[in-house]
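No value in this document is a laboratory result; all are computed from the given coordinates. Treat the numbers as computed from the prediction; the structure is a model and nothing was measured. Heads up, the Cβs are rebuilt from the backbone with ideal geometry, glycines too, and the neighbour counts pull from every protein chain shown.
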Amino acid sequence: MEYSTKISERMWNLPDKGELEAQREESFIDDIIQKSHIERELLQNLEGVRTAFDGGAGSGRFSILLAKRGIHVTHFDISQPMIDKAKELAAKEGVLEQITFVKGALEDLSAYEDRSFDLVMSFDAPISYTYPKQEEVIKNLVRIAGKKIIISVSSRLGALPYLANPLQKNQFILDKNSTDGWIQWCLNNRDSMIESFRFNPDACNNTLATGFMGDVEETKAAYDRGETPWCITYHFMPEELQKILQNNGVKNVELAGPGAFARTMPNELLVKIMHDPKQKEEFLEFCHTYDSNPYVCGMGKDNLLAKGDIM
Ligand SMILES: C[S@@+](CC[C@H](N)C(=O)[O-])C[C@H]1O[C@@H](n2cnc3c(N)ncnc32)[C@H](O)[C@@H]1O
């Protein structure tokens, strides 16, 4: 088994992962925007879709959404805690019967015949965690898709400003009084992060050239020491992802960068918008429009979204 698969499995198998992932939109505005963008994309692309495959489906944010619309979804994920959480949420929503849960790694999709599913989707970077197999994984996701493919992967141009900016998540905190551990960490460390900050051109240039943040070999060594490092994550350039999809026969490929518009706004204004239901709905609608423009497709939160047709 590749290091990336083993590292991903260990990390996503942490017992609290399912619970944490299921609460993301309660803490951070960029997560609200990303989820809203993907939901809009899915709901606009369901014509003729009866079956869907969700690769790296997590706690079921999107598998449950589609199941509620009568689609039979195969919810595929490497982590049992994530699957358990998704089952619990699917039961609450009354759609357990609409979903087939499968524990597996995207690196092996040999159980599925060509064109097995009308829609194939994979959101918020599972494909990026399969390095160095990411191209093969995309090829197989296209292979099992019958009508449409919609995926989001880690974005090189989108993630880099996060890397260069230690206050990255502070901009998107929804409630500064939240007891969420990550929010409190961001707030408590804000001043020291500014104080110790020094722009690091080498780190930025390295990520821009390689698609990795940090040192892949060090991540493997940490895994071997029994630690649980963050997954080896391959960040794609927009035209790279577009070409991989086109080379595998996907037509009408369109890219988007969910979060690009919101990135231009300070926290105080984003929080204000989020607390007014009418403004929030209008803002999320406009974010979807702006972030779907190909000229900003690399500048989203940290995900690059792509969709296309299988002909
Ligand atoms: C950031 S979460 C995204 C979950 C879901 N797609 C969403 O947007 O809510 C990434 C998910 O990918 C799964 N994953 C990571 N590596 C994987 C692999 N190699 N094969 C299948 N699933 C994987 C993790 O277990 C986790 O549930």
#### Entry: Residue in segment 37-72 that is nearest to the ligand (Cβ to nearest atom), counting only those that are closer than 19 Å to HIS288 by Cβ and touching a His at 6+ places or on another chain (Cβ under 7 Å)
HIS37
### Message
Against the definition (surrounded by fewer than 13 Cβ atoms within 10 Å (Cβ to Cβ) and within 21 Å of the chain's Cα centre (by Cα)), how does PHE261 come out, yes or no?
### Response
no
#### Entry: Only listed residue being closer than 23 Å to PRO277 by Cβ and of a type in the set (A, V, I, L, M), chosen from ILE83, ILE64, ILE99, ILE78
ILE64
### Summary
Within segment 195-234, residues touching a Leu at 6+ places or on another chain (Cβ under 7 Å) and either of a type in the set (A, V, I, L, M) or more than 16 Å from the ligand (Cβ to nearest atom) (or both) come out as ALA203, CYS204, THR207, LEU208, MET213
## Note on the structure
Selection over segment 73-88 where residues are within 11 Å of the ligand (Cβ to nearest atom), assigned to a helix (DSSP H, G or I) and either of a type in the set (Asp, Glu) or in contact with a Cys (Cβ under 6 Å, 6 or more places away or on another chain) (or both) yields a count of 0
### Message
Anything in segment 115-142 that is of a type in the set (D, E, K, R), in contact (Cβ under 8 Å) with a residue 40 or more places away in the chain and not in a loop (DSSP other than H, G, I, E, B)? List them, or say none.
### Response
ASP118, GLU135, LYS139
### Task
Give segment 214-239 a look and list any residue that's part of a loop (DSSP other than H, G, I, E, B) and touching a strand residue (DSSP E or B) at 6+ places or on another chain (Cβ under 9 Å), or say none.
THR233, TYR234, HIS235, MET237
### Query
All but one of (1) over 30 Å from LYS220 (Cα atoms); (2) buried (at least 20 other Cβ atoms within 10 Å of the Cβ) hold for GLY94; which doesn't?
(2)
### Query
Taking the stated definitions as given, is ASP30 away from the ligand (no atom under 11 Å from the Cβ), among the acidic types (Asp, Glu), surrounded by fewer than 17 Cβ atoms within 10 Å (Cβ to Cβ) and part of a helix (DSSP H, G or I)?
no
### Message
If I go through segment 89-114 residue by residue, how many of them are out of contact with any helix residue (DSSP H, G or I) (no Cβ under 8 Å at 6 or more places or on another chain) and in a helix (DSSP H, G or I)?
### Response
3
### Query
Which pairs do you get when a residue that is of a type in the set (Phe, Trp, Tyr), found in segment 63-82, comes within reach of a residue that is surrounded by fewer than 19 Cβ atoms within 10 Å (Cβ to Cβ), reach meaning Cβ atoms under 7 angstrom, with the pair 6+ apart or on two chains?
PHE76/VAL102; PHE76/GLY104
### Complete set of residues in segment 1-20 that are farther than 23 Å from LYS133 by Cβ and within 9 Å of the ligand (Cβ to nearest atom)
GLY18
### Message
If I ask for residues that are touching a residue at least 12 places away in the same chain (Cβ under 8 Å) and either crowded, with 16+ Cβ neighbours inside 10 Å or over 16 Å from TYR131 (Cβ atoms) (or both), which ones from segment 221-232 would you list?
### Response
TYR223, THR228, PRO229, CYS231, ILE232
### Query
Can you name every residue in segment 271-293 that is assigned to a helix (DSSP H, G or I) and either under 15 Å from GLU41 (Cα atoms) or small (Gly, Ala, Ser) (or both)?
LEU284, GLU285, PHE286, CYS287, HIS288, THR289, TYR290, ASP291
### Query
Only one of these conditions is not met by TYR129: (1) farther than 29 Å from LYS6 by Cα; (2) within 21 Å of the chain's Cα centre (by Cα). Which number is it?
(1)
### Message
Looking only at segment 189-200, count every residue that is surrounded by 10 or more Cβ atoms within 10 Å (Cβ to Cβ) and part of a helix (DSSP H, G or I) and tell me the total.
### Response
4
### Query
Among the residues of segment 288-298, is there at least one that is more than 22 Å from the chain's Cα centre (by Cα) and touching a residue at least 12 places away in the same chain (Cβ under 8 Å)?
no
### Message
Based on this model, can you work out whether ILE173 counts as in contact (Cβ under 8 Å) with a residue 12 or more places away in the chain and within 16 Å of the ligand (Cβ to nearest atom)?
### Response
no
